[in-house]
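First up is the structure itself, then whatever we jot down about it.
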Amino acid sequence: MDTSDQRRKRKQRSLKPTLHFFSLRSLLYFFSFFAFFFILFRRNTPSFHPVVVLPGSSAFSIYRQFTGEVTRFKIDDVVLFPDHILVILSGTGNWNGIGNGKGLECVYRSNDTDSGGVVEERSEAVLSVDEYNDIRWLVRCPLPPTNFSSVVTLRRRDTNLVVDTTEGELNSWENLAYEAVLDGDTAVVFVKGISHRQDKASDPTRFRCHFGFGNQKYILTSIALTAAQEVVRCALPKSFETHPEKSQGIRATVSFRIPMRNHHRTVFVPSVAKLPISKIEIKTPKHDLCVCTMLWNQADAIREWITYHSWLGVQKWFIYDNNSDDGIESVINNLDVEGYNVSRHVWPWIKTQEAGFSHCAIKAKHECNWVSFMDVDEFYYFPKTTGRDALRTLVSNHTSSPSIGELRTACRSFGPSGLRSAPKNGVTVGYTCRLQSPERHKSIVRPEAVDTTLMNVVHHFHLKKGFRFKDVSQTTAVINHYKYQVWEVFRAKFYRRVATYVADWKDNQNEGSRDRAPGLGTEPIEPADWRLRFCEVWDTGLRDFVLGNLGDVLTGDLPWGKYLGHINSEQIQ
């Protein structure tokens, strides 16, 4: 009969093979686990090349060493502009470092190889990074060095990160569908290169809109209802009407027909435009009066402009930022925190002011009864009024008839007024000499009255049938346009103009137009008598109005005085 000691020994002998098996398997797992993290660690150390191209991959991943955190982004598209490259990203997850672009670099690859077949790479710091349309990011890169390709990828040198990517599709800015938005039961697509005719509509039957997941993958088509300038409006596909959530993030483009001898050829426009995410709209009363503008590098000027017009009754601001790099985002955020209700809209598309205003007219329609389209150097002045909310009162008094869809106010152009440097207390107080006769006019419009083509020229829109415009008497209100400021400020205009149909200052075109400074020419060289030009009438009306109504009773200080800075000449150049 077995003793307990014998049974215990037999049990130990029976377990030994099992324990031996688990020891071998555990050892194998351990070495496999170690090898995996060793390879991952080696790939994330500076001794290895920091950019790895994954053939056939459309996404790049950013691995955070030790933490195992992974954030994935995709390079959707690359757009080549005359003075920079725009990289458009989409993806999921959070990457704190992308917010300011610090340490982020654009990587370019040489078009040649050395004797060993190695391709040289160069990198440059990014120009700017911006969040865009809630679902995408914009990274602006310098143009590539000579004999190097456009942006291949992005990377960070200051952290242990590896960026894996393939090159996004390169698009030319001269021929591109660049923006899309839903407007009721229609889709509006903004397209560069299909029509260069200002203030004229095109035949919509030549155009179609297409929706899908990218070039060559468009699965839905609809007819165009209107086409004018850079804007094509199409009927919304039925599936989007019944299920609007299906349109979110869908790419949109336009095709057009080119007549041939016995047939026609259909051309699809390359596209980076995606329909935005639909947000739940909370029904709130509309603002009586809003303002929309497009600007570039106006951080030093925008506070005076917004503070003054808010005092006059403006309740909401739409700021379309056209690639500013002077810290204006911080200024706008501060103004919004202070209660001025200012929103910044990233608009990276150069020389598209008219299209941007069309876009704003759609956006503002849900929030505003009236919208003024004006520039940051334009200020309303009321010769016979001294009270607050004068501009909002003007709109109310002049629009009692439901048929009025637009108010037009004449602009008076001011010159440098003898100054050699920017006025310390702002333009409204500093510039007091102007031309005798008004130039052009600017408009306040009722968004519902804007024509479906969304056509606009020099800040005024075409109206739907049944609506009319009304001129405001110059004895009631005018706009002081500080168009020709001191040279250090005016010189910034030579960099680029925002309007589509207005020639840049360096272009030898339309030199006699009112859009240009008479006799200035095409070079940013200060004329000897610049500070004395454009001075036919001394006009201190707005200066006195501002000092009397917005100045501190005891000190005379103006609300924007302490924020005014000096223009950085390096940025202007």
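None of the figures in this text is laboratory data; all of them are computed from the coordinates on show. What you are looking at is a predicted structure, and each value in this text was computed from that prediction instead of being measured. No Cβ is skipped: glycine too gets one built from the backbone with ideal geometry, and neighbour counts run over all protein chains shown.
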Net charge near ASP76 (other residues with Cβ under 11 Å of its Cβ; Lys, Arg +1; Asp, Glu -1) is +2
In nm, the gap between the two label points placed 7 Å beyond Cα toward Cβ at LYS464 and THR452 is 1.0 nm
Percent relative contact order for the stretch 200-265, counting Cα pairs under 8 Å at least six residues apart, stands at 34 percent
Here the stretch 398-406 yields Karplus 3J(HN,Hα) values (6.51, -1.76, 1.60; θ = phi - 60°; whole Hz; Gly and Pro given as x) of 9, 10, 5, 7, x, 7, 7, x, 7
To the nearest 0.05, the calculated FRET efficiency linking TRP538 and SER172 through their beta-carbon distance, R0 being 56 Å, is 0.65
Of the listed pairs LYS483/LYS562; LYS274/LYS464; LYS217/LYS351; LYS274/LYS316; LYS102/LYS283; LYS192/LYS424, those with alpha carbons more than 31 Å apart are LYS102/LYS283; LYS192/LYS424
Packing-ranked peptide list from 525-534, 352-361, 389-398, highest mean Cβ count within 10 angstrom first, is 352-361, 389-398, 525-534
The stretch 451-486 and the stretch 326-361 have their Cα centres apart by a whole-number Å value of 20 Å
Applied in sequence order to the stretch 452-460, the curve 6.51 cos²θ - 1.76 cosθ + 1.60 (Karplus, θ = phi - 60°) yields integer Hz couplings, x standing for Gly and Pro, of 5, 6, 6, 5, 8, 9, 6, 6, 10
Going residue by residue through the stretch 134-145, the Karplus relation 6.51 cos²θ - 1.76 cosθ + 1.60 with θ = phi - 60° gives ³J(HN,Hα) values, rounded to whole Hz and with x marking Gly or Pro, of 6, 10, 9, 10, 10, 10, 9, 10, x, 4, x, x
Here the relative contact order (percent) of the stretch 273-332, from C-alpha pairs under 8 Å and at least 6 apart, is 45 percent
